[in-house]
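Have a look at the structure below before the remarks.
The values are calculated or read from the model by the stated rules, or taken from the named source; none is laboratory data. Everything quoted here is computed from the prediction, not taken from an experiment. We place every Cβ from the backbone using ideal geometry, glycine too, and count neighbours over all the protein chains shown. Ligands, DNA and RNA are stripped out before the accessible areas are found, and what is left, the full protein with its side chains, is counted by its heavy atoms. Shrake-Rupley method; radii C 1.70, N 1.55, O 1.52, S 1.80 Å.
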Amino acid sequence: MRGDGVVAALDLPKTDQNPNVFIPRTELPGSFWKDGGEALVLIVPPETDDEQTRQLFVDAFLQNNRLENITSVMGFHPQYLESFLRLQHYLLRMDGPLPQDYRHYIGVMSAARHQCSYLVDLQESEFLMQDGDPDWLKGLDYIPQKLKNLCELNKILAHRPWLITKQHIEQLLRGNDSWSLSELVHAIVLLAHFHSLASFVFGTGINLEIDHECGHTLQPASLSEGANDVEAHHSNSVASSLESSEPGVEMLMHRMKKIQEAADLQEISQEEMKQRFEKVEKQSLELLPGQSACSECLAVSDYAKYRDDPNFHYEDFAKRGEERTIPTFRAQKEAPPGWLRDYSWEDQGFSLVNRLYSDIGQLLDDKFRMAYNLTYYTMGPQKDVDTSMLRAAIWNYIHCMFGIFHDDYDYGEVNQLLDIRLKSFIKTVTCYPERTTRKDYDNFWKEFKHSEKVQVNLMVLEARMQAELLYALRAIMRYMM
Ligand SMILES: CC(C)C[C@H](N)C(=O)O
């Protein structure tokens, strides 16, 4: 974590000075969290004096022919940034099952699920630079049938990944316009990558540029105070807890200590553990995000051409049909955080994904572990703090949105450590990223640093990506059995 600087200018290379540098519209100097008057620019400046970060910026620049805003924001966490760039480079640029134009078109399709104009624009430009057929940018009616067949998977994976079955996989692998298994795995990793990246973009307020009024810019405060306000949708109990004040850093540290002490004494039954999970799951039903920021803007944006079934959204896992025919997933104790009991990453997932698309398993694993374990032993102004409990609560709460239950984790901790404002932010960014407002961002963790809030967004990115991949890979495994 480098200085918590909120800087004012983004000093990007000029095209006339360096004609080889391609700067798309989205890369013009712009501001983040534009909020009527005051803008919050949440980036590490390119001229940072931290050597490691600067080197990574140079690498990123060489990889992408630009320094993307995303890279500048992730620059708060250079160790993470390194593993992120490694995976992204591999996924988009190195030898792999899919041709370049497909990779970027899949980027466009996935970002469009969340109307993430920032990523759609970037991927459209990349697509054209890779000699993609400009006609395809007219929309889904102009693309090859093979790519079109991916729409259903894109949609389910983005919003309700627990619905993926082996039939979805089977359908894609047969017939005239079929996918090979390796191609499909490459496509699935790309889809999950861009869905989760959209969460990061909205969650950190990476904004479109000054000339792009109707991008995914955050709702100004004045709008979010109206009928669309996130709070206006909350039930009474939620509304009243929002009025009370957020527990500060010291209170959180005190609670962590208490949990630690109690852990040495008590044994909780499996039944009780499950009930605590269900309680957290049920409470999250009450957290409803605001409506789409600017319906006019969304109408103006023509990303609809890249989306079918635009009304298909996230639906709470806990609400999935009355019979609850789809069970909660149990995570395996021995497995790394997040991998499922009935589908273990180490025994099946890792080798499956690596076999079908070599080396990707390792890169994914590195990135997940990095996001889960990253710590500076700080909490806001406090130093030398063991924050593992807080980070585990955040990670597991994100998985809870997808019905993933870790049976060795006491979900009582989630309720003690995550205040309703933080939960609300996490739920919005994870499930409805396009609805995130500046107010959602400002509301939680007032004593923490910006870099720590960015870190929460990294956890959303990775835990969400992991959840999507778990469900998709499990379906592939079932297909292969
Ligand atoms: C997300 C934050 C609670 C992370 C914390 N600053 C740490 O160093 O672990």
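Can you bin segment 33-142 into rounded, prolate or oblate? Criterion: square roots of the alpha carbon gyration tensor eigenvalues sorted a ≥ b ≥ c, rounded for a/c under 1.5, prolate for a/b above b/c, oblate for the rest. If you can, show how the numbers build up before the last one.
Working: a/c = 2.56, a/b = 1.40, b/c = 1.83.
Oblate, because a/c is 1.5 or more while a/b does not exceed b/c.
Using per-residue counts of other Cβ atoms within 10 Å, averaged over each peptide, order 48-55, 138-145 from highest down. Mind showing how you got there, number by number?
Values: 48-55: 15.1, 138-145: 13.4.
In descending order of packing, they fall as 48-55, 138-145.
Which of Gln382, Ile394, Thr436 sits closest to the plus end of the dipole of segment 378-442, meaning its Cα is farthest towards the positive end, when Lys and Arg get +1 and Asp and Glu get -1 on the C-beta?
Projecting each Cα onto the dipole axis, the largest value belongs to Thr436.
By average Cβ neighbour count within 10 Å, what is the ranking of 410-420, 71-81, 463-473 from highest down?
Per-residue mean Cβ counts within 10 Å order the peptides as 463-473, 71-81, 410-420.
Could you do me a favour and compute the accessible area per residue for segment 365-481, 1.4 Å probe, result in Å²? Spell out each step's value before the answer.
Numbers: 3040 Å² over 117 residues.
Ligands and nucleic acids excluded, the figure is 26 Å² per residue.
Which of rounded, prolate, oblate describes segment 414-461, given a ≥ b ≥ c as roots of the alpha-carbon gyration tensor eigenvalues and a/c under 1.5 marking rounded, otherwise prolate only if a/b is larger than b/c? The partial results should precede the final answer.
Numbers: a/c = 1.34, a/b = 1.16, b/c = 1.15.
The shape class here is rounded.
Loop-only check: which GluC sites (Glu not before Pro) in segment 74-148 are DSSP coil with at most 12 other Cβ within 10 angstrom? Before the final figure, lay out the partial values.
Details: sites: Glu82, Glu124, Glu126; in loops: none.
Qualifying residues, ordered by number: none.
Need one word for segment 89-177: rounded, prolate or oblate. Basis is the Cα gyration tensor (sqrt eigenvalues a ≥ b ≥ c); a/c below 1.5 gives rounded, then a/b vs b/c decides.
Details: a/c = 1.58, a/b = 1.37, b/c = 1.16.
Taking the square roots of the gyration eigenvalues as a ≥ b ≥ c, segment 89-177 is prolate.
Give me the distance between the Cα centres of segment 49-103 and segment 407-481, rounded to whole Å.
With segment 49-103 and segment 407-481 each reduced to a Cα centre, they are spaced 23 Å.
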